[in-house]
Amino acid sequence: MHKLTQSLILALALAGSSIAHAATDLSAASVDLTADLLSSSSAAFGQTIHLSNAADVGAVNNFFIDNYTFTLSGANDLSSLVTSLIAAPNSGLIITGFNLLSNNAVVLAGQQNLVDFDAADQAWSFDSTQPLNAGSYTLQVRGYAADTTAGSYSGNIGIAAAVPEPETIAMLLAGLGLIGVVSRRRKVAAAA
């Protein structure tokens, strides 16, 4: 009985220590951007985070995974950008990922844009190279708070109806012309 009590106390102590060291989840509730995208072809998103406990600072002690959902009713091109200004090294919010998901799979992976922005701007962006099909999508921002003052990030997503390439239009017209020629030959053959 004594060994059972000791084992139980040890198990509770280990469970308590693992709970005490679990990273703090700073994620916001999911936000649906569909109405904004349908009404104005763009939508803004973002979050401000403050930490009250210095023990929660850093990548191993806190994280956020914020999701912004939307639904497309037709083929659309998409472009998105998110930024979070870092005032000094090891401060503010650190963005570690920016992706577009569909059915929990990455469709577009964001990259840090160091061409148009400074590293302190933490600008992440992506553009669709092919139109996105109709369906449900999730824009996901990941990161952590580097200090207790933490910070904020903001972003924008824009969509535009996909415009066919000139080659597609030419192929369509060639196909219609071919159907017209075949139809005319059939009429001439039927009349003879």
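The values are calculated or read from the model by the stated rules, or taken from the named source; none is laboratory data. Nothing here was measured: the structure is a model prediction, and the numbers come from that model. Methodologically, a virtual Cβ is constructed for each residue, glycine included, from the backbone with ideal geometry; neighbour enumeration extends over all protein chains shown. These accessible areas exclude ligands, DNA and RNA; they are computed on the full protein's heavy atoms, side chains included. Shrake-Rupley method; radii C 1.70, N 1.55, O 1.52, S 1.80 Å.
Values as computed for the structure displayed
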item	result
Tally, over segment 115-130, of residues that are over 30 Å from A88 (Cα atoms) and at pLDDT below 90	2
Every residue from segment 117-155 that is under 19 Å from T71 (Cβ atoms), part of a strand (DSSP E or B) and either touching a helix residue (DSSP H, G or I) at 6+ places or on another chain (Cβ under 7 Å) or open to solvent by 60 Å² or more (accessible area, probe 1.4 Å) (or both)	S136
The listed residue being of a type in the set (S, T, N, Q), under 23 Å from T149 (Cα atoms), out of contact with any helix residue (DSSP H, G or I) (no Cβ under 7 Å at 6 or more places or on another chain) and touching a residue at least 40 places away in the same chain (Cβ under 8 Å), out of S91, S73, S80, S41	S91
Within segment 55-85, tally of residues that are more than 23 Å from Q122 (Cα to Cα) and surrounded by fewer than 17 Cβ atoms within 10 Å (Cβ to Cβ)	6
Number of the condition not met by I179 [criteria: (1) under 21 Å from L100 (Cα atoms); (2) free of Cβ contacts under 8 Å to residues at least 12 places away in the same chain]	(1)
Residue satisfying condition, being within 14 Å of the chain's Cα centre (by Cα) and not acidic (D, E), within set F117, F126	F126
Pairs, first among the charged types (D, E, K, R) in segment 106-121, second not in a loop (DSSP other than H, G, I, E, B), C-beta under 8 Å, six or more apart	D121/T83
Checklist (1) surrounded by fewer than 17 Cβ atoms within 10 Å (Cβ to Cβ); (2) over 15 Å from G155 (Cα atoms) applied to L108, failing item	(1)
